[in-house]
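Trainee: I'd like to ask you about the structure that follows.
The values are calculated or read from the model by the stated rules, or taken from the named source; none is laboratory data. Since the structure is predicted, the reported quantities are computational estimates derived from the model, not experimental observations. All Cβ positions, glycine included, derive from the backbone under ideal geometry; neighbour counts span all protein chains shown. Accessible surface is based on the protein model in full, side chains and every heavy atom, while ligands, DNA and RNA are left aside. Shrake-Rupley method; radii C 1.70, N 1.55, O 1.52, S 1.80 Å.
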Amino acid sequence: MTKRRWLFILGFLCVAGLAVGLYLYQNLVNIDSDSNNYIAEWLNNPASRTELITTHACEDAPFLLPSTGFIGLLYRDVARPYNGLSRHTGIDIFGDGDLGTVPIFAAYDGYLTRLNDWRATVIIRHDDPLIPGRTIWTYYTHMANLDGSVSFIVEDFPPGTTDQFVERGTLLGYQGNYNGGRFDIAMHLHFSIVKSNKDGTFKNEAILRNTLDPSPYFGLPLDLDARATRPIRCKTDS
Ligand SMILES: [Zn+2]
């Protein structure tokens, strides 16, 4: 091989290395989130709680806030247990109360499904109020106790429920801390907005690109990049 060719390969490797380094820096190091600080405050200092709670979405927003509480992890959050390469796909609302007592409501009119093996989760299909004609889904989870033996989903929606109409504001269940037994979590609702496949079924909500930024649906600054302080509030509320 000629010397020139070697130099070309070396240059290429340097550029590729720099690009990979820059990508990792942008995604793992150069993003901060203060969500874990707020969550620690919420968990360790109950006196702080009333000052962290969000009670409602904006008046003119299509979606109802599905539960009252402290919005701890934001959409696209990188705070633990997430990171820049594996971001949070929804919002986490931490209710103030005992397990199985903080109510969760349907965010919008739609058709509810609970798969046979879902102990703690329901999903609702909607006609997208922001882009009429498009089908989107809202996903609600952690509605059971830690080991999954007690579900906090209301009896109206047993496992196997398919396409049952619910109105905005329908009681779905109560906040729990079930997480598939993977690790301990504090009681909260994980809520996300999930895109549809071409056939109208829901996509895998655990993948960020399959989800939508909930901010415009609530009129609230819920995307990490909005850098909102807590409590999250509607801008038009004083
Ligand atoms: Zn979550």
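Trainee: Of (1) in a loop (DSSP other than H, G, I, E, B); (2) modelled with pLDDT of 95 or more; (3) buried (at least 20 other Cβ atoms within 10 Å of the Cβ), THR101 satisfies all except one. Which?
Mentor: (3)
Trainee: Next question, about the same structure. From the set of residues in the range 43-76 that are without any contact (Cβ under 8 Å) to a residue 60 or more places away in the chain and not small (Gly, Ala, Ser), which is surrounded by the fewest Cβ atoms within 10 Å (Cβ to Cβ)?
Mentor: Selected residue: ASN44.
Trainee: Something else: Any residue at all in the range 188-205 that's in contact with a strand residue (DSSP E or B) (Cβ under 6 Å, 6 or more places away or on another chain), within 16 Å of the ligand (Cβ to nearest atom), open to solvent by less than 70 Å² (accessible area, probe 1.4 Å) and in a loop (DSSP other than H, G, I, E, B)? I'd like the intermediate steps shown before the answer.
Mentor: Residues of the range 188-205 in contact with a strand residue (DSSP E or B) (Cβ under 6 Å, 6 or more places away or on another chain): 188-194, 196, 200, 202-203, 205.
After this cut, where a residue has to be within 16 Å of the ligand (Cβ to nearest atom) as well, the list is 188-194, 205.
Keeping just the survivors that are open to solvent by less than 70 Å² (accessible area, probe 1.4 Å) gives 188-194, 205.
Now restrict to residues that are in a loop (DSSP other than H, G, I, E, B): 205.
Yes; the residues of the range 188-205 include at least one that is in contact with a strand residue (DSSP E or B) (Cβ under 6 Å, 6 or more places away or on another chain), within 16 Å of the ligand (Cβ to nearest atom), open to solvent by less than 70 Å² (accessible area, probe 1.4 Å) and in a loop (DSSP other than H, G, I, E, B).
Trainee: For the structure I just gave you, tell me whether THR89 is open to solvent by 20 Å² or more (accessible area, probe 1.4 Å) and outside any strand (DSSP E or B).
Mentor: no
Trainee: While we're on this one: Can you tell me which residue is nearest to ARG227 (Cα to Cα) among those in the range 1-42 that are surrounded by 11 or more Cβ atoms within 10 Å (Cβ to Cβ) and aromatic (Phe, Trp, Tyr)?
Mentor: Among residues in the range 1-42 that are surrounded by 11 or more Cβ atoms within 10 Å (Cβ to Cβ) and aromatic (Phe, Trp, Tyr), the one nearest to ARG227 (Cα to Cα) is TYR38.
Trainee: Could you say which residue among ASP213, ASP184 is at pLDDT below 95 and open to solvent by 30 Å² or more (accessible area, probe 1.4 Å)?
Mentor: Result: ASP184 is the single residue among ASP213, ASP184 that is at pLDDT below 95 and open to solvent by 30 Å² or more (accessible area, probe 1.4 Å).
Trainee: Out of the residues in the range 126-162 that are more than 16 Å from the ligand (Cβ to nearest atom) and touching a Ser or Thr at 6+ places or on another chain (Cβ under 6 Å), which is nearest to ALA186 (Cα to Cα)?
Mentor: In this case the residue turns out to be THR162.
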